[in-house]
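Rule-based calculations on the coordinates, nothing more; no lab input. The model shown is predicted, which means the values in this text are computed figures rather than measured ones. With ideal geometry, Cβ positions are generated from the backbone for all residues, glycine too; neighbour counts draw on all protein chains shown.
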Amino acid sequence: MPASSTPSSTPSTSLAAQATARVHEPHRQDCPWCGSTRLRNRLRTGDLRQYKPGTFTVDECRDCGHTFQNPRLTFEGLALYHRTVRGAPVDHASDALLALRSGRVRHRSAARAMLRFGEPESWLDIGTGHARFPATAREFFPYTAFDGLDPTPRVVRARSADRVEEAHVGRLTDPLIAAPLRARYDVVSMLHHLEGTPDPRAELHAALDVLRPGGHLLIETVNPRSGYAALLGRWWLGYDQPRHLHLLPPRNLRAELEAAGCTIVVLDHRPTHSPHDLSGATALALSHALPAPDTPWRALPPPPLRRHAREALLRAGIPLVAAAAAADHLLAPLARRTRLANTYRVIARKAT
């Protein structure tokens, strides 16, 4: 066969093949939470943050309200879309979301919520990443032993930085990790962790297994019932496709914990709402309305004129994003007290 007729492999075709084949599980016809077959589509979208190839669908159960990616990414797919690639475009909207969600103010609020229960002896933070939350919580609980668990080696580096005493790499649903930790902790925290897990119900029960009787489980997660989700559609940052696999309505999370014998001490969205919905949606929509950026997975880079035009138009759009951010903060007091709230917190006490 002549060389000219041999198909060539490019980053874009390689990633596109991965995104449509190896990285997806089969499409589900039923709800992964309650088993109902009464599903409706909430949105179809691409990777708005990293511009990686692929189309992702989010469905909602009409019976229980559970919202989930369908078909779901496999572990390999999650690794692909979480991976940071050199040369990838920087999405300032998603960076702002991550800064708000994992910022010091949010961490202090979560730690302060646990003060009413006294100082625990031991605390495990699941999905801890660089363990910035344990480092902040130690200001309130100086005598508590904080450990961290994360699927990535970041937690090992966090231990080297003395943010945690023990570092566990992997998932709590792995019996090899969970068995030595059984009934070991007074507090287990899961801050914006359940959204990215393949099986949030299994994660919840694994977290309860490592809690001591009478211990507390602290959860913060995205609220799929937020009015902003309906208002902003695919531009709502809470969807964060394809990295968010499940969005749990508060009533489902409460019912599951109560069925496991827990007492719900706190279920509140007022202290956890992050005022970023309008500004994040504006930034994302603006970015995708302009000429597409250069990415490592494009077969051909855009011409210089298009790259320069994109940069100039992004700078020109900064006042529009700033105005949306101002509106976010003006509306925040109302959003925190209504269904516009985008995040909620649950504190549950395990039965003694």
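Exposure proxy ranking for T263, T67, T144, based on other Cβ atoms within 10 angstrom of each Cβ and starting from the fewest, stands as T263, T144, T67. Taking Cα atoms only, the orientation of helix 92-101 departs from the longest principal axis of the chain by about 0 degrees. Once the other residues with Cβ under 15 Å from the Cβ of D162 are scored (Lys, Arg +1; Asp, Glu -1), what is the net sum? Residues close to D162 contribute a combined charge of +1. As a rough guide to protection, the peptides 106-112, 36-42 ranked by mean Cβ packing within 10 Å, highest first, stand as 106-112, 36-42.
Rounded to the nearest 10 degrees, the inclination of helix 250-259 to the longest alpha-carbon principal axis of the chain is 40 degrees. For F141, F117, the sequence from fewest to most other C-beta atoms within 10 Å is F117, F141. Segment 98-158 and segment 213-290 have Cα centres spaced 19 Å apart. Shown for segment 277-331 is the translational diffusion coefficient from the Stokes-Einstein equation, using the Kirkwood radius over Cα pairs, a temperature of 4 °C and a viscosity of 1.567 mPa s: 106 µm²/s. Take 229-241, 171-183, 270-282 and order them by the average number of nearby Cβ atoms within 10 Å per residue, most first; the result is 270-282, 229-241, 171-183. Computed from label points 7 Å out along Cα-Cβ, the spacing between R108 and Q29 is 5.4 nm. Computed extension gain for A183 through A292, at 0.36 nm per residue and net of the alpha carbon distance, reaches 34.2 nm.
Helix 200-210 and the longest principal axis of the Cα set of the chain meet at an angle near 30°.
Compactness ratio for the chain: Cα radius of gyration over 2.2 N^0.38 Å (N = residue count) comes to 1.04.
Arranged from fewest to most other beta-carbon atoms within 10 Å of their beta carbon, C262, C64, C34 become C34, C64, C262. Only helices enter this figure: runs of n ≥ 4 DSSP H residues, each worth -39500 (n - 2.57), summed and divided by the residues of the chain, yield -10500 deg cm²/dmol at 222 nm to the nearest 500.
Relative to the Cα centre, the charge distribution of the chain, modelled as +1 at Lys and Arg Cβ and -1 at Asp and Glu Cβ, gives a dipole magnitude of about 700 debye. The length gained by stretching the chain between E258 and H82 to full extension, at 0.36 nm per residue less their Cα-Cα distance, is 60.1 nm. Rounded to the nearest 20 debye, the dipole size of segment 277-331 about its Cα centre is 300 debye, using +1 on the Cβ of Lys and Arg and -1 on the Cβ of Asp and Glu. Over all other residues within a Cβ to Cβ distance under 15 Å of C61, the charged ones net out to +4, with Lys and Arg as +1 and Asp and Glu as -1. Here segment 233-253 is scanned for amide nitrogen atoms under 20 Å from the site 7 Å beyond the Cα of L267 along Cα-to-Cβ, giving 246-253.
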